[in-house]
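What follows is one structure encoded as structure tokens, with my remarks underneath.
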Amino acid sequence: MDELIEATAARIAARATRELEALVAVSTPSGDLAGAEEAASIAAALAPDDATVERVPCSSPGHADDLVLRVQGTGSRRVLLVGHLDTVVAHDQHQPLSRDGDKLLGSGTIDMKGGDVLALGLLRALAAPDRRTSFAEAALLLVQDEEWRVGTFGHVERFAGFDICLCFEAGQLTSEGGDAVIVKRKAAGTLRVIAHGRSSHSGSAPDHGRNALLGLAAAAQAVSAMHDPHGELRLTAVPTILRSGDAFNVVPATGELFCDMRADDAVAFDAVLGAVPDEVGGVTLEPSLLRLWPGMDARGPAAGLLAAAGERLGRSITGMDRGGASDASHFASTIPLTVDGLGPRGGGAHAPNEFVLESSLRSRAEVALAIADAALLD
């Protein structure tokens, strides 16, 4: 392994657990202003001393501003690091960092405050004098709404012209136990169906109503019928949330259904929206695409980069695919080299047992450093 990579990764890992504890201590469900501001302040405090700190509008209305940290160099290339500070965990379910052997458990550890810590470590490494000659600008974008974005992603133009994008969602291993990163992701979308029916007393006049819940149930079945994970576009269409009704003895007049969709190409989502009937039993159904992540396929551009990084690392790095959504996908169409999955390894994302493997912090820092050096120096 390159001696500079080895020494720098050791320094990043030596700080990473304490930095992760500080970030995880703050509860940051998407949309919470106070938690977002506190997490952004901690991240800014962990930035290089001379980094420029910017707060830019979040893509979702009503959210705290996103954080951008910029370091200037004397080279020619520009590199963007990407992460998010928000989680899916509500305040009353938040768990601060705790330890169980090699597991560092806590809300948002793997998704993705562990990745944020490694991204901050890489930014500090790039700010060292011996690396500043390798780039013109290094920027770290930490968004506040990745887990529940309700607007169009607003940062693609902001970083137009950058040469490399490295995203720090969770890392993984190959089936043989080797280092892997993500170079291909499915497109992801959230389908929302709003139902408009008519209320009535469910005991004395049940047939006078138009049951929104039954309309949404039919919509959910129509969406499920489109589920085709082994088809040409590997479409998955899964109803996930249904809300309807306010009282046990009233025919529900309104409601909404949410469905998660993934496919190799977002064009597959059009057929799912088209499968939702306009009307069921007098209930009007209005489907719409609430959120959309494009697909990402950087296998070709990344192949040479990963080979060169493997030479620096002294072990191979494999490019893999993953179904989960990531903001790297938004940048992949405009930034020539985009690699994701540079965060630590762990598990339990979006679940109470979420964790990062402490032993992976150093090895994943090595991977990130090798890829950054290969992208900037070769």
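Miscellaneous remarks
- If you filter the stretch 56-93 down to residues that are surrounded by fewer than 22 Cβ atoms within 10 Å (Cβ to Cβ) and among the polar types (S, T, N, Q), you find that the one that is nearest to ALA351 (Cα to Cα) is GLN93.
- The single condition among (1) of a type in the set (A, V, I, L, M); (2) over 17 Å from GLY310 (Cα atoms); (3) in contact with a Leu (Cβ under 8 Å, 6 or more places away or on another chain) that ALA368 does not satisfy is (2).
- Summed over the stretch 335-367, the residues that are assigned to a strand (DSSP E or B) and among the hydroxyl-bearing types (Ser, Thr, Tyr) give a count of 1.
- Residue within the stretch 97-114 that is among the basic types (Lys, Arg) and buried (at least 21 other Cβ atoms within 10 Å of the Cβ) present: yes
- The set of residues in the stretch 152-174 that are part of a loop (DSSP other than H, G, I, E, B) and farther than 20 Å from ALA349 by Cβ comprises THR152, PHE153, GLY154, HIS155, VAL156, ALA160, GLY161, PHE162, ASP163.
- Pairs are defined by a Cβ separation below 8 Å, a sequence spacing of at least 6 or placement on different chains, a first member in the stretch 340-356 that is within 19 Å of VAL82 (Cα to Cα) and at pLDDT 95 or above, and a second member that is of a type in the set (Asp, Glu) and in a loop (DSSP other than H, G, I, E, B); the pairs so defined are ASP340/GLU169; GLY341/GLU169; LEU342/GLU169; GLY343/GLU169; GLY346/GLU354.
- Selected residue (criterion: farthest from the chain's Cα centre (by Cα)) from residues of the stretch 43-66 that are in a strand (DSSP E or B) and in contact (Cβ under 8 Å) with a residue 24 or more places away in the chain: VAL56
- Residue match in the stretch 276-288 (condition: surrounded by fewer than 16 Cβ atoms within 10 Å (Cβ to Cβ) and over 17 Å from HIS196 (Cβ atoms)): no
- Verdict on ASP260 being part of a strand (DSSP E or B), within 16 Å of the chain's Cα centre (by Cα), closer than 25 Å to ASP116 by Cβ and in the same structural domain as GLY177 (by TED's automatic domain parsing): no
- Filtered by the rule that a residue be touching a residue at least 60 places away in the same chain (Cβ under 8 Å) and of a type in the set (D, E, K, R), the stretch 231-278 gives GLU256, ASP260, ARG262, ASP264, ASP265.
- Test: residue in the stretch 157-180 that is among the hydrophobic types (A, V, I, L, M, F, W, C), over 29 Å from ALA16 (Cβ atoms) and either assigned by TED's automatic domain parsing to the domain that holds GLY341 or touching a strand residue (DSSP E or B) at 6+ places or on another chain (Cβ under 7 Å) (or both): yes
- When residues of the stretch 175-231 are limited to those that are among the hydroxyl-bearing types (Ser, Thr, Tyr) and either part of a helix (DSSP H, G or I) or touching a helix residue (DSSP H, G or I) at 6+ places or on another chain (Cβ under 7 Å) (or both), the one farthest from GLU366 (Cα to Cα): SER200
- Test result for ASP297, under 19 Å from the mean Cα position of the chain (by Cα), on the phi < 0 side of the Ramachandran plot and surrounded by fewer than 24 Cβ atoms within 10 Å (Cβ to Cβ): yes
- Residue within the stretch 207-230 that is of a type in the set (Lys, Arg) and modelled with pLDDT under 95 present: no
- Test: residue in the stretch 269-276 that is over 30 Å from ALA9 (Cβ atoms) and touching a Lys or Arg at 6+ places or on another chain (Cβ under 9 Å): no
- The condition of being crowded, with 17+ Cβ neighbours inside 10 Å, in contact (Cβ under 8 Å) with a residue 60 or more places away in the chain and outside any strand (DSSP E or B) does not hold for ALA139.
- In the stretch 172-183, the residues that are modelled with pLDDT of 95 or more, surrounded by 15 or more Cβ atoms within 10 Å (Cβ to Cβ) and touching a Lys or Arg at 6+ places or on another chain (Cβ under 9 Å): ASP179, ILE182, VAL183
The values are calculated or read from the model by the stated rules, or taken from the named source; none is laboratory data. Computed from a predicted model, the values in this text were never measured in an experiment. Here the Cβ is made from the backbone with ideal geometry for all residues, glycine too, and neighbour counts use every protein chain on show.
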